[in-house]
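Visitor: The following block contains the structure, expressed as C-alpha cells.
The values are calculated or read from the model by the stated rules, or taken from the named source; none is laboratory data. All values reported here derive from a predicted model rather than from experimental measurement. Neighbour counts are summed over all protein chains in view; Cβ atoms, including those assigned to glycine, are modelled from backbone coordinates with ideal geometry.
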Amino acid sequence: MSSSITITYNLKPPAGIQSNGLNPSAVHEFNIPVSPNDGQKRYYTALEAAIIKAKDQVGNELTAWRDAVGKAELTKEPKNSNSEEGDEEEEEEDNLTIR
C-alpha cells in the first residue's frame with residue numbers, strides 16, 4: 001500500500017491581477033513510495049522527502065502569486081491618511097490635567 005500527501009489550494013486574487021500563466025487553483029499529490037510495513041526508518045525517510053518536495057513546489061507557486069499580487073499593489077494609489085487629525089487629538093490629551 002502506497003500513501004501520499006495531497007495539497008489543494010484555491011486562491012482568489014484581486015481583480016486585474018495578471019497571472020502570467022499562474023493557475024489560481026491546484027491539487028498536488030506527492031507519493032510516498034515506501035509503506036510503514038517496510039520499516040519505520042525507510043518510511044520516515046521517504047515521508048520526509050515527500051514533504052520537502054511538496055513544500056518546495058507549493059512554496060514556489062505561492063511565492064509567484066505573492067509577487068504578482070504585490071507588484072499590482074505597488075501601482076495602487078495610496079490612501080488618504082488622517083494622521084494630522086490623530087496628532088492633534090494626541091496633543092490635546094497631553095495638555096489635560098486631572099485634579
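Visitor: Taking into account only those residues within the range 13-57 that are in contact with a strand residue (DSSP E or B) (Cβ under 9 Å, 6 or more places away or on another chain) and loosely packed, with under 11 Cβ neighbours inside 10 Å, which is nearest to LYS76 (Cα to Cα)?
Guide: Among those that are in contact with a strand residue (DSSP E or B) (Cβ under 9 Å, 6 or more places away or on another chain) and loosely packed, with under 11 Cβ neighbours inside 10 Å, it is SER25.
Visitor: With the structure loaded, tell me whether SER25 is modelled with pLDDT under 90, among the hydroxyl-bearing types (Ser, Thr, Tyr) and farther than 19 Å from SER3 by Cα or whether it fails that test.
Guide: Working: modelled with pLDDT under 90: no; among the hydroxyl-bearing types (Ser, Thr, Tyr): yes; farther than 19 Å from SER3 by Cα: yes.
Judged against the criteria, SER25 is not a match.
Visitor: Kindly indicate whether VAL27 is β-branched (Val, Ile, Thr) and closer than 15 Å to LYS53 by Cα.
Guide: yes
Visitor: When you look at ALA64, is it small (Gly, Ala, Ser) and out of contact with any Leu (no Cβ under 8 Å at 6 or more places or on another chain), yes or no? Explain how you work it out, then say what you get.
Guide: On the way: small (Gly, Ala, Ser): yes; out of contact with any Leu (no Cβ under 8 Å at 6 or more places or on another chain): no.
For ALA64, the condition - small (Gly, Ala, Ser) and out of contact with any Leu (no Cβ under 8 Å at 6 or more places or on another chain) - is not met.
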